[in-house]
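The values are calculated or read from the model by the stated rules, or taken from the named source; none is laboratory data. Everything numeric here is computed off the predicted structure, so don't read it as measured data. Cβ sites come from the backbone with ideal geometry, for glycine too, and all protein chains shown count toward neighbours.
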Amino acid sequence: MSNESIRRSTLLSLACAGALTSALAAVPAKAADKIYHIALSNSYIGNQWRVQMVNLTKAYARKYYDGQVTLTVVNSGTDVQAQIAAIDDMISQKVDAILVDPASESALNPVLEEAAKQGIVVVDFDHAVTAPSAYKVGVDFVKFGGIMGQWMADTLKGKGDIIMNRGVPGFEGDRAEYQGATDAFKKYPGIHIVAEVYGKWDDSVSQAEIMKVLPAHPSIDGIINQAGDYGVVQAFLNTHRTFVPMTGEGSNGWRLSMLKYKDQGLEGISVGDPPTLGAYALKVAVDVLNKNPPPEKLINVGIPTLTTAQLKEGVNVFSNLPPTVYDDIDIPGSGLKPLTIEDSLGK
Amino acid sequence: MTNTRRMRNSFARPVVLAPLTITGCTVLLFLVGSILARGFMAPSNVLMLLALSADLGIAAIGETVVILTGGIDLSIAWNVTAASIIFTGITQGNEGHLWIGVAAGLGVGALAGLANGLGIAKLNISPIVMTLGMNNIMQGLTLIYSQGTPSGSAPASIKEIATGWLGPIPIIVLVWIGLAIVVSACLHATRGGRYLYSVGESPMVSRLTGIDNDFVLIAAYTVSGFCAGLTGILFTGFSSMSFLGMGDQFVLPAIAAVVLGGASIYGGRGSYAGTFVGAFFLTVLTTVLAIVNISIGFRNIIYGLVIIAAVLLYRAYTRERE
Amino acid sequence: MGPRPSGAARQGAFGATVTFIVLFVVDFLLKGGHFSAFDLKTLCMNALPLVLVALGQFFVVLTNGIDLSLGPMMSVSGAIAALTFSTSPIGAVLLAMVAAAGGGLANAILVVRLRLPPILATLATMSIFQGVALVILPSPGGTVPAGLTAFLTNGGPALLPVPLVLLVCAALATGWTMTTRFGIWLRAVGGDEGAARSSGVAVSAVKFGAYVLAALLAGLGGLYLAIATANGSPTIGDSFILLSIAAVVLGRVAIVGGRGSPLGVVMGALTLTIIGSLLYFANLSSFYQSLINGLILVGVVGFDMIRKRFLLAVRGGRQ
C-alpha cells in the first residue's frame, strides 16, 4: 500500500503543479479568445458526496470543455461567512460564471444577486437558494422525503410505528425531507412516528443514535433514514435485532447492505442524490454563456429511486468500491455527456 | 492569584466529589429514563450505553492529560479521522496487515500530537491556535492521502473488539475499563503523572523543582494524539468503515467530559475517573433526550440545563468562601 | 495597572497588524496587483461579524475566561431580528439586543455568582442558545427590509463604505472602553484578580460587565449577519464559536493575564478573513486548501513567537 500511496501523492502533486501552471497560462489566453473562467464555490469538502461532486465537475470540464473553460474550485468550509467572502473574491476577479454548492440555502442570496448584477452567470446546485437571478439545479428535497414516506407507507400497508432518522437540525434540507415524509403519512393515520433522532446525515452518529433509542422501542416497524443508512444497518447487526423496512440514500454501503441482508428480511429503498449535480451546473453555466440557456431557471433533476430488485452490480452498486461512495452518476434527461464512477473518485 | 492558590489548596475535594456527584446524576438520569422506557435500567442497556460511551471516553484520555497541563486539544476531530482512514487504507479489511495498520494509525495520531507539543512547548504557540491549525493540517493531509475517498474497511478482529461481547459484557467496555485503570495508575502513582499535575499547577514552580516542562508538554500532546489514533481505530470497528468527518463528533464532548469530571481548565487538577463518569453521563443524557419526544431545540436547552445543574450540585459541596 | 500591560498590548497589536499586512500584500499580489473599492467594501463586510464577536470574546478573555456561547448567541439575535423586522425594525433591534444582554447576564450569573468554570458554563449555555435559536426559528427564514440590507452592506461613498465605517466604529468604541475605568479594571482583574480586589476593584461587577458586553457584541454581530444575508438562520453562528477565539489569539491577546488590545483583535479577525481569499487566488487544489489554511494559522503565530524570542535575545531581556 505504501508504494501505492506514494505513487498517488506524487501523481497528485504533479497534477497540482500542472493545474497551477495551466491556470496561470490560461489567464492571458482569456483575453484573446472565449475561454470562460468559471469558479466553483463549494462549502465543506470533508465529506464523500462533496469530494465526488468536485471530482465530477473537474472531470467534466477536462473531458468536454477542454480549452473552453478554466475551472477554479474553492472550499470554504461550513462557515457561511467564508463562502460569502469567497464569492466576493470571484466577483472581484470578474469570472464569467459562478457555480455554488451553498453552506446555507438563504444566506447567500445578497452576494449571489450582487454577482448577477455584475453580469456573472450564477448557477446554484444541490441545495436551492432563493436568489431569483440564479439558475438552480438540484433534487426537490420535499419530493425526496415524499418518496421515502410513500414507500414506507406502502411497505407497511399504512400501519406501523416508525423512527425518523433526521439530518442536521436547523438546515433547510432536513426540514424539507421531513416535511415530504410527514406529508406522505397524512393519508395514513395508522402510521405513527414514535421517535425522532438526529443522525446528522452521518453514518456513525446515526448508528449510535439508533442504538440509543432501539431498546426503548422493542417493536418498531420501520425507519426513515434521510441518510446515515449504512450506520443504521450496523446498529441492527450490533444489537442483533431483526431488520425492519428502512429507507436510505444512494450510498454504495447501503445498496450493498440491501443486497446482502435481503434474505435476512431487510426491505429497503435507495433514493439517490447524484453528485453529478456540480457537472450539470457547469453545463448549464456554459450553455447560458453560449447564449443557449435552459428554458427554466429552476431545474429539478429526477430522483434515482431503486428497490433491491433493481440493484445491478457494476451499474448502480459496486462490490469493489468502499461503502462511502455515492453510486448514482447519471442524471436522466440532463443531456450531460457520460461520466463514470471512476471520474467521481478522481481516478 | 490568591484566588487560584486557595482553589489549589482544596483541590483534592472536587477531584473526589465531582465524579461522585456526576455518578449520582447519572443514576438519576437512569431513573428518569426508566420512567420513559421500560427496561432502561436493565443491565444489558446499561452495558450498551457504556459501550457507546467508550470511544468518547478513550478520546477523552488524551484530552484529560492535556487539560491537566493547562492546555487544550482541538485537533482530535481530524486526528481520529486520519488514523481511521490510514488504518482501513492499510488493512483493506484483512487481518494480515492488522498490526501494520494499527501501528500506522497510532503513529499518525502520535506524530500529530508530537507536532502539537513541539509547537506549543518550543514555539510557545497558544494551544488553541496550534491544535486548531493542526486540525486543518490533518484534514488536508487526510484528503491528500485518501484522494477524498477512504478505501478499505475494518478487519473482523477490530469489529469484534468494538462491537462484540465477551459473555454478558461488551468487549469495548472491558478495554475501556482496562485503559482507565492503567491511565489512572499512571496519573496518580508515577513520576510522569506527578509532573503533569505539577506543570499544570504552576509551570514556574515545576521548572524550579527541576522538571523539564517542555518535555512534559510534548509528551502530554503526543499521548493525546496517540489516544485520538486509538479512538480512530476502535471507532473504525464500530462503524465498520472509515469516512471523512467521522471524528468531528468527539471534540467538544471530550472537553465537556473532562471538565464535568472535575478537572480545572487551568490545569493541575482533575482525574481520569472523573472523565470516565463524565463521558458516560453525557451519553446517558443524550440517550434520555433522544427518547423524549420533544423538538430538538428543547432537547438542546435541556442538555445545557442538566449540565449546569450537575455542576452546581458538586459546586455546592466544594464552595469556597472568600 | 501601569505601563506594563499597555506596552505589551501595543507590541501584540503591532505583531497582529504586521501579520495582516503581510498576508494582505501576498493576497494583493496573487490577485495580480488589484484592490478595488469593491474589495475594500466586501473585506470589511465579511470581516465585520467576526470582528464584533471577537471583540466580545476579547473582554471575556481579559478576565481569564472564555465564552463558547457567543456563536450561538449570534444565531439567536439574528433569528429574533429576522422574525420581527417586518413588524418594527427598531423593535427588532431592541428585542435582539435585550435577548443578547439576557444571555450575557445568564453567563455572568453562572460564572461570577455561581462560580462555575467559564468553559463549562458557556459550553452549557452554548447548547441552550443553540436550542433557543432552533425553537424560535426551526429552519432558515424571516425577512430583513431590503433598504436596510442595501445601506449596511452597499451604502456610503466608494472609499468610505458603510461596512468600513462600522468596523472602525466598533474598534474605536472598544478601544475607548479600554481607557475607561471599566477597561483599566478589566485588565487589572485579568492580570491578578487578588491584587485587583485588594486595591478596591469591584471584581464581580467588572466580570459581569465583561460577559454582558461580550454577549451584546455577539448580538450585534448576529444582527449584522442577519441583515447582510437578508434573513435569519438558527445555525449560522456555530462556526464563530472557535473562530472568535482564534481571532483573539491571532490578535496576540494573552489567554491568561489580561494583556492584549482591541486593535490586535480586529487585525486577528481580518487575518482570518483574508486567509480564505489567499487560498482562492492561489488557485490551490481542493485537498491542499485546508492543509495550507492550517499551516498559515500555525505559521503566523509560530513565526511571531520566534521573532519575539529573537528580539528578547538580542536585547538581552528576559521574560
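This table checks each residue for (1) hydroxyl-bearing (S, T, Y); (2) more than 14 Å from chain B (Cβ to nearest Cβ); (3) crowded, with 24+ Cβ neighbours inside 10 Å; (4) within 17 Å of the chain's Cα centre (by Cα).
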{"residue": "C:G147", "(1), (2), (3), (4)": "no, yes, no, no"}
{"residue": "C:L166", "(1), (2), (3), (4)": "no, yes, no, yes"}
{"residue": "C:T180", "(1), (2), (3), (4)": "yes, yes, no, no"}
{"residue": "C:S198", "(1), (2), (3), (4)": "yes, no, no, no"}
{"residue": "C:A205", "(1), (2), (3), (4)": "no, yes, no, no"}
{"residue": "C:P234", "(1), (2), (3), (4)": "no, no, yes, no"}
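Take C:G260 and tell me if it is farther than 30 Å from A:D174 by Cβ and assigned to a loop (DSSP other than H, G, I, E, B). Answer is yes for this residue. When the residues of the range B:121-130 are filtered to those that are facing chain C (nearest Cβ under 10 Å) and in contact (Cβ under 8 Å) with a residue 60 or more places away in the chain, which remaining residue is nearest to the chain's Cα centre (by Cα)? If we take residues in the range B:121-130 being facing chain C (nearest Cβ under 10 Å) and in contact (Cβ under 8 Å) with a residue 60 or more places away in the chain, then B:P127 is nearest to the chain's Cα centre (by Cα). Scanning the range A:92-103 for residues that are at the interface with another protein chain (Cβ under 10 Å from one of its Cβ atoms) and buried (at least 24 other Cβ atoms within 10 Å of the Cβ) yields a single hit, A:A103.
From the list B:G109, B:G117, B:G105, B:G133, which one is facing another protein chain (nearest Cβ under 7 Å) and either at negative phi or at pLDDT below 95 (or both)?
B:G133 is the lone residue from the list that is facing another protein chain (nearest Cβ under 7 Å) and either at negative phi or at pLDDT below 95 (or both).
Checked against (1) of a type outside the set (S, T, Y); (2) in contact with a strand residue (DSSP E or B) (Cβ under 8 Å, 6 or more places away or on another chain); (3) in contact (Cβ under 8 Å) with a residue 60 or more places away in the chain, A:E105 passes all but a single condition, namely (2). Here B:F298 meets the list (1) more than 10 Å from chain C (Cβ to nearest Cβ); (2) surrounded by fewer than 24 Cβ atoms within 10 Å (Cβ to Cβ) almost entirely, failing just condition (1).
Checked against the criterion of being within 14 Å of chain B (Cβ to nearest Cβ), in contact with a Ser or Thr (Cβ under 7 Å, 6 or more places away or on another chain) and surrounded by fewer than 24 Cβ atoms within 10 Å (Cβ to Cβ), the range C:274-288 has no qualifying residue.
Yes/no matrix, rows are residues, columns are (1) away from chain A (no Cβ under 14 Å); (2) under 17 Å from the mean Cα position of the chain (by Cα):
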| position | (1), (2) |
| --- | --- |
| B:F243 | no, no |
| B:G261 | yes, yes |
| B:G267 | yes, yes |
| B:G274 | yes, yes |
| B:V277 | yes, yes |
| B:L282 | no, yes |
| B:I294 | no, no |
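Taking every residue in the range A:326-347 that is in contact (Cβ under 8 Å) with a residue 40 or more places away in the chain and pairing it with any residue that is surrounded by 18 or more Cβ atoms within 10 Å (Cβ to Cβ) and in a strand (DSSP E or B), at least 6 positions away or on another chain, the pairs with Cβ-Cβ distances below 7 Å are A:Y326/A:S251; A:D327/A:V317. Of the strands (runs of 3 or more DSSP E) entirely within the range A:52-149, those holding at least 1 residues that are closer than 26 Å to A:P295 by Cα and among the polar types (S, T, N, Q) occupy A:69-75. Given the condition of a type outside the set (D, E), more than 20 Å from A:Y135 (Cα to Cα) and in a loop (DSSP other than H, G, I, E, B), answer yes or no: does some residue in the range A:276-291 qualify? Checking the range A:276-291: not a single residue is of a type outside the set (D, E), more than 20 Å from A:Y135 (Cα to Cα) and in a loop (DSSP other than H, G, I, E, B). Residues that are in contact (Cβ under 8 Å) with a residue 60 or more places away in the chain, small (G, A, S) and within 7 Å of chain C (Cβ to nearest Cβ) within the range B:136-160 comprise just one, B:G148. When the range B:228-241 is limited to residues that are facing another protein chain (nearest Cβ under 8 Å) and of a type outside the set (F, W, Y), the one that is nearest to C:L120 (Cα to Cα) turns out to be B:S239. Answer yes if at least one residue in the range A:147-166 is closer than 23 Å to A:Y44 by Cα, of a type in the set (A, V, I, L, M) and either away from chain C (no Cβ under 14 Å) or surrounded by fewer than 24 Cβ atoms within 10 Å (Cβ to Cβ) (or both), and no otherwise. No, every residue in the range A:147-166 fails to be closer than 23 Å to A:Y44 by Cα, of a type in the set (A, V, I, L, M) and either away from chain C (no Cβ under 14 Å) or surrounded by fewer than 24 Cβ atoms within 10 Å (Cβ to Cβ) (or both).
Would you be able to say whether some residue in the range B:285-295 is part of a helix (DSSP H, G or I), within 28 Å of A:Y44 (Cα to Cα) and polar (S, T, N, Q)? Yes - at least one qualifying residue is present in the range B:285-295. Exactly one residue out of B:G225, B:G164, B:G193 is small (G, A, S), in contact with a strand residue (DSSP E or B) (Cβ under 9 Å, 6 or more places away or on another chain) and more than 14 Å from chain C (Cβ to nearest Cβ), and it is B:G164.
Suppose we filter B:I218, B:I296 for residues that are of a type in the set (V, I, T) and in contact with a strand residue (DSSP E or B) (Cβ under 7 Å, 6 or more places away or on another chain); which single one remains?
B:I296
Here's the yes/no breakdown for (1) within 14 Å of chain B (Cβ to nearest Cβ); (2) within 23 Å of the chain's Cα centre (by Cα); (3) outside any loop (DSSP other than H, G, I, E, B); (4) crowded, with 23+ Cβ neighbours inside 10 Å:
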position	(1), (2), (3), (4)
A:S204	yes, yes, yes, yes
A:Q207	yes, yes, yes, yes
A:L214	yes, no, yes, no
A:S219	yes, no, no, no
A:V233	yes, yes, yes, yes
A:G253	yes, yes, yes, yes
A:D263	no, no, yes, no
A:P274	no, yes, no, yes
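Here is a check on your reading of the model: is B:R194 over 30 Å from A:L321 (Cβ atoms) and surrounded by fewer than 22 Cβ atoms within 10 Å (Cβ to Cβ)?
Yes, satisfied.
Which of the following residues is within 30 Å of C:A196 (Cβ to Cβ) and aliphatic (A, V, I, L, M): C:V256, C:V300, C:V314?
Going through C:V256, C:V300, C:V314 in turn, the sole match is C:V256.
Only one entry in C:I66, C:I109, C:I119 is touching a residue at least 40 places away in the same chain (Cβ under 8 Å) and assigned to a helix (DSSP H, G or I), namely C:I119.
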